[in-house]
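Here the structure is laid out as C-alpha cells; the discussion comes afterwards.
Laboratory data are not the source of any read-out in this text; all were calculated from the coordinates shown. Bear in mind that the values here come from a model prediction, so they are computed numbers and not experimental data. Positions of Cβ are backbone-derived with ideal geometry, glycine not excepted, and every protein chain shown enters the neighbour counts.
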Amino acid sequence: MMMLPEIGHYALILAMMFALALAVLPMVGYLQRNAILLVTAKPLTYLMATLTCTSFVILAIAFAQDDFSILYVSQHSNSLLPIWYKISAVWGGHEGSLLLWITILCIWAATLAYKSDSLPNSTGPVVLSVLGIVATGFLAFILFTSSPFIRLLPDTPADGVDLNPLLQDIGLIVHPPMLYMGYVGFSVAFAFAIAALITGNLNASWARWARPWTNVSWAFLTLGIALGSWWAYYELGWGGWWFWDPVENASLMPWLAGTALIHSLAVTEKRGVFKSWTVLLAIFTFSLSLLGTFLVRSGVLTSVHAFAADPTRGVFILALLVLIIGSSLLLYALRASQVKSQVSFGLTGRESWLLINNILLTILTLTVLLGTLYPLIFDALNLGKISVGAPYFNAVFSPIALLLIVFMGIAPLSKWHNTKGALLWRASALPAVLAVSLSAFVFTFHSFDWYMWLSFAIALWLFFMCVRDWLDKVLSKRQSIWTRARKLPRHYYGMQLAHLGVAVSLVGVIFVSLNSTEAVVRMAPGERVMVGDYEFEFLGTRHVEGPNYTADTAVINVYQDGQSVAQMLPQKRLYQARRQMMTEAALNPGFTRDLYISLGEPLDNGAWGVRIYIKSFVRWIWLGGILMMAGGLLAAWDKRYRRKTGA
Amino acid sequence: MHPVRKKRIVTISVILVVLATAIGLVMYALSQNINLFYSPTQVEAGEAPQGVTLRAGGMVVENSVERASDSLNVAFLVTDYKHSLRIEYKGILPDLFREGQGIVAQGKLDERGVLIASEVLAKHDEEYMPPEVSAALEQSKAQ
C-alpha cells in the first residue's frame with residue numbers, strides 16, 4: 001500500500017473541513033433558529049472523529065511497517081525497534097504527539113455527541129460546535145506546520161534514526177495518552193461553559209452536565225501526572241519524583257485549576273452560587289491545558305523535557321492560544337455580568353469552605369504559573385536569562401498546600417448554607433488531638449523537624465477526619481453499619497477516596513524527603529559499601545546484547561543484617577542507531593522503601609561510579625494518585641448522572 | 001451594619017489577607033531563588049558574582065574532561081569560542097554529557113573563577129541545545 005500515507009494526509013484535510021463545518025453550521029443554526037443546521041452537529045462530529053482516527057491509525061501502520069519514506073517515521077523509528085515501541089513512537093515526536101492530541105479531542109467530542117441526546121435541543125449542538133472550533137485550530141496547526149505525513153522521496157533512507165532511547169520504555173506507551181486524555185478532556189467543560197455563555201443559559205444545569213466529564217478528565221490527568229512522575233523516577237536515573245520542571249508544571253497547573261473546578265461545579269450545581277466564577281474557572285482550566293501544550297511544544301523554556309523545537313510552531317500555537325483564550329474571555333466579559341445569584345450562605349456553610357478551597361487552589365496555580373513563566377518575563381524585559389529553582393516552589397507551594405489540606409479535613413463535615421460552629425469544633429477536636437500526638441510519637445524515632453512533624457500531623461488529621469465523617473454517617477442504633485454504608489451515594493465514596501489519596505501521597509512525600517538515604521560512590525569489583533541499613537556488594541559487570549542496544553550490566557548483591565535481600569542489575573546501555581548512552585536503573589520496590597541503583601561512568605580498573613538510593617515510602621506518592629483517580633471516576637459514575645435530564 | 005454587607009466585607013478581607021500573604025511569600029521566595037545565567041565571556045569579565053548560585057554554560061571543549069582516578073571528581077572546560085570557563089563537579093554526569101556538546105551547569109563561582117557545580121543539566125535529545133547556550137554563542141559571535 002504505497003498510497004496509504006497520502007490517504008492519511010487526505011483524511012486529515014477532510015477532517016479539518018468537517019471540523020470547520022462543525023464550528024460554523026450549528027452555531028449559525030443556533031443564532032438563526034434553524035433546526036436543520038443544528039442537527040448537522042452530530043454527524044459532522046462523527047465524520048471528523050472517524051477521519052482523524054483513520055489518519056492516526058494509518059500513521060501507526062506506517063510505523064509498524066517501517067515506512068522510512070515518511071520523514072517523521074524515519075526520524076523516530078528504526079527497523080530494530082521492538083514492535084510495541086514502534087507503535088508508541090507514533091507519539092514520540094512533535095508531529096505525532098499533536099496528532100494524538102487532536103485524536104483524543106475527537107474521541108471526547110464523539111463520546112459527547114453520543115451522549116448528547118439527554119441535553120436540551122440547542123445545547124448539545126452548540127457544545128459540539130465549540131469543540132469544532134478548537135479542533136479546527138489544531139488540525140490547521142498540524143496541516144500547516146507539522147504534518148506527520150511528509151515524504152522523503154526519492155531519497156528514502158535505508159533505516160530510521162531510531163526513537164530517542166529515553167522514550168523506549170513502557171512510560172512512553174502509557175503516560176502521554178493518559179495525560180492527554182486529561183488535558184484535552186477539560187475542553188468538554190470549557191465547551192459547556194462557552195455554550196452556557198452563548199445561549200445565556202447560565203443556570204445550574206450546565207454545571208450538572210459538565211460535572212461527570214470534568215471528573216473523568218481530572219481522573220485521567222491525575223493518573224497521567226502520577227505515571228509521568230513514576231517514569232521520571234526510574235528512567236532519568238536521579239531517583240527524584242518531581243523536579244518542578246517547566247514541563248511538569250505545565251501539567252500540574254491544569255490539574256490544580258481542574259481540582260478547583262470540580263469543587264466549584266459542585267457548589268454551582270447544588271446551590272446556584274459562584275456561577276460566573278465557575279464559568280471563568282472552566283475557561284482558565286482549559287487555557288492552562290493549552291498553555292501547557294504551548295510550553296512543551298515550543299521549547300521556549302530550558303527543561304529536561306525540552307526537545308529540539310522549531311520556533312515557527314511556537315508562534316502558531318501562541319497565536320492559537322491567544323485567539324482561543326482572548327475570545328473566551330471577551331465573551332465572558334460581555335455575558336457574565338448578567339448573572340446574578342440570589343442565594344446567600346453563612347460563614348460556616350459548606351459554600352464558604354469550598355470558597356476557601358477555590359481561593360487556595362487558585363493561589364497555588366498562580367504561584368506555579370508565576371514561577372514557570374518568570375524566566376520568560378525576565379528575558380522579555382531584557383533583564384538576563386534566569387531559571388527559577390526548585391527551592392522557590394517548595395517554599396511557596398508546600399505551606400499553601402498544607403493549609404488547603406487542613407481545610408480538606410473540615411469541609412466535608414459542614415452542611416450546605418450554614419453549619420453550627422460548635423458542631424465543627426466538637427467533631428474536629430478528637431481527630432486533631434490524635435493527629436498531633438500520633439505524629440509526635442512517630443517523631444520520637446526520628447530527628448525532630450517541626451515542619452515535617454506538622455506535615456505528618458496534617459496528613460493524619462485528614463485521614464482521621466475522613467474516617468470520622470464516614471462513621472458519623474453509618475453508625476446508627478436502628479440499622480447495621482453495612483446497610484447504611486451501602487446507602488451512601490457513590491459520589492460521597494468518590495470524594496472520600498480522593499481525599500484519602502491526598503493523605504496517602506502526603507505521607508509518601510514527607511517520608512521520601514525525610515528518611516531517604518543517598519550515596520554516590522566509586523566501586524571496584526568485590527568492594528562493599530553500607531548505605532542506610534543495607535550493604536551493597538559490587539561483583540563486577542558483564543556484557544549483554546539487547547535487540548537494538550548493547551549494555552554493561554553491573555551485578556550488585558544487597559544484604560541486610562547479613563541476609564541476602566536481592567540481586568540488582570543496573571545497566572549502562574549503548575543504543576546503536578543513535579550511538580547514545582542510557583542509564584537503566586535497577587529497582588527493588590517495596591511498600592515502605594525502594595532500593596534504587598543507577599550506574600554512572602566506567603572508571604579505571606573495572607570500577608564504576610555508582611549511585612545508590614534508599615527511598616522511604618516513595619510508592620505511596622503514586623498510590624495516592626491512583627486513589628485520587630479512582631475517587632474521581634467513582635464520583636463521575638454516580639447514579640444521578642444517569643437520569644435523563646430532559647429538554 | 002447590614003448582615004449581607006458585613007459578610008461581604010469579611011469575605012473580601014479574608015481574600016485580601018490570604019492574597020497579600022501569598023504575594024509576600026512568593027516575592028520573597030522568588031528573590032531568593034532565581035539563578036541568572038552567565039556566559040564564559042561574562043564570567044571572564046567579572047560580571048558574575050562569587051558565592052551565589054547561578055547558571056553558566058557553553059560548549060564542552062574537546063579533550064578538556066579530567067577525571068580523578070580514585071573519586072568521582074570531574075573537571076572540564078566550557079567555551080563560547082571567545083573565552084572558556086572551568087567547571088568542577090563531584091558526581092555522575094548525565095548520559096548525554098559529551099565533549100563538543102552544549103551544556104548548562106548550576107553552582108557557585110569560587111575565588112579562582114571556577115564554577116563548582118552542584119548540578120549539570122541533563123537533556124533528552126541530542127539535537128537539543130539549551131536556549132541560553134545558543135544565545136551566548138550568538139552573542140560571542142556577534143562581538
Phi to ³J(HN,Hα) by Karplus 6.51 cos²θ - 1.76 cosθ + 1.60 over segment A:7-20, Hz, x for Gly, Pro | 4, x, 5, 5, 4, 5, 5, 4, 4, 5, 4, 5, 4, 5
Among the aspartates and glutamates, which fall within straight-line cross-link reach of residue A:420, defined as a Cα-Cα distance under 17 Å, with same-chain neighbours fewer than 8 residues apart omitted?
-> A:351, A:469, A:472
Amide H contacts under 5 Å for residue A:540, restricted to residues at least 5 apart in sequence or on another chain and with H modeled in the peptide plane, are A:526, A:555
Protection-proxy order for peptides A:37-49, A:439-451, A:516-528, each taking the mean of Cβ atoms within 10 Å per residue, highest first = A:37-49, A:516-528, A:439-451
Build a GNM of chain B with springs between Cα atoms under 10 Å: which of B:20, B:29, B:45 gets the top mean-square fluctuation?
-> B:20
With an 8 Å cut-off on Cα pairs and a minimum separation of 6 or more residues, tell me the relative contact order of segment A:138-217 in percent.
-> 30 percent
From the residues A:130, A:92, A:2, which one has its Cα farthest along the dipole of segment A:1-157 in the positive direction, the dipole being from +1 and -1 charges on Cβ of Lys/Arg and Asp/Glu about the Cα centre?
-> A:130
Here the Kirkwood hydrodynamic radius of segment A:451-591, Cα-based and in Å, equals 19.9 Å
Which percent of Cα pairs goes in each bin when the distances of the protein assembly as shown are cut into 10 angstrom slices starting at zero?
-> 2, 12, 21, 24, 21, 13, 5, 1, 0
Most mobile listed residue (B:117, B:22, B:68) in chain B, GNM with C-alpha springs under 10 Å | B:22
For chain A, calculate the relative contact order in percent as a whole number, restricting contacts to Cα pairs under 8 Å that are 6 or more residues apart.
-> 12 percent
Assuming R0 = 60 Å, what is the FRET efficiency of residue A:637 and residue B:142, from their Cβ-Cβ distance, to the nearest 0.05?
-> 0.50
In terms of modelled amide H atoms, which long-range or inter-chain residues lie less than 5 Å from the amide H of residue B:83?
-> B:41
Separation between Cα centres of segment A:49-73 and segment A:389-423, rounded to whole Å | 47 Å
For peptide B:131-138, how many partner chain Cβ atoms fall within 10 Å of a residue's Cβ, on average?
-> 3
Any idea which of A:229, A:256, A:239 is furthest toward the positive side of the dipole for segment A:207-271, if Lys and Arg beta-carbons carry +1 and Asp and Glu beta-carbons -1?
-> A:256
Counting partner chain Cβ atoms within 10 Å of every residue's Cβ in B:94-103, what's the average?
-> 3
Hey, could you get me the Stokes-Einstein D for segment A:74-172, Kirkwood radius over alpha-carbon pairs, 4 °C and 1.567 mPa s, rounded to whole µm² s⁻¹?
-> 82 µm²/s
Whole-Å distance, taken between Cα centres, linking segment A:167-207 and segment A:127-149 = 16 Å
Using a simple charge model, +1 on the beta-carbon of Lys and Arg, -1 on the beta-carbon of Asp and Glu, nothing else, what dipole does chain A show about its Cα centre, in debye to the nearest 20?
-> 3600 debye
Per-residue average of other protein chain Cβ atoms inside 10 Å, peptide B:14-24 -> 3
Given pairs A:615/B:90; A:42/A:415; A:275/A:385; A:477/B:7; A:86/A:115; A:42/A:487 and cut-off 30 Å on Cα-Cα distance, the over-length ones are A:42/A:415; A:275/A:385; A:477/B:7; A:86/A:115; A:42/A:487
Counting only residues 5 or more places away or on other chains, whose amide H sits under 5 Å from the amide H of residue B:119 once H atoms are built in the peptide plane?
-> B:106
Could you work out which residue, out of B:64, B:13, B:118, moves most in a Gaussian network model of chain B, that is, has the largest mean-square fluctuation with Cα springs under 10 Å?
-> B:13
Indicate, rounded to the nearest 5 percent, the antiparallel portion of the DSSP beta bridges found entirely in the protein assembly as shown.
-> 95 percent
Any idea how far the Cα center of segment A:535-558 sits from the one of segment A:570-607, in Å?
-> 8 Å
Derived scalar couplings ³J(HN,Hα) [segment A:49-65; Karplus, 6.51 cos²θ - 1.76 cosθ + 1.60; whole Hz; x for Gly, Pro] = 5, 4, 5, 5, 5, 4, 5, 5, 5, 4, 5, 4, 5, 4, 5, 4, 9
Derived scalar couplings ³J(HN,Hα) [segment A:39-44; Karplus, 6.51 cos²θ - 1.76 cosθ + 1.60; whole Hz; x for Gly, Pro] = 6, 5, 4, 5, x, 4
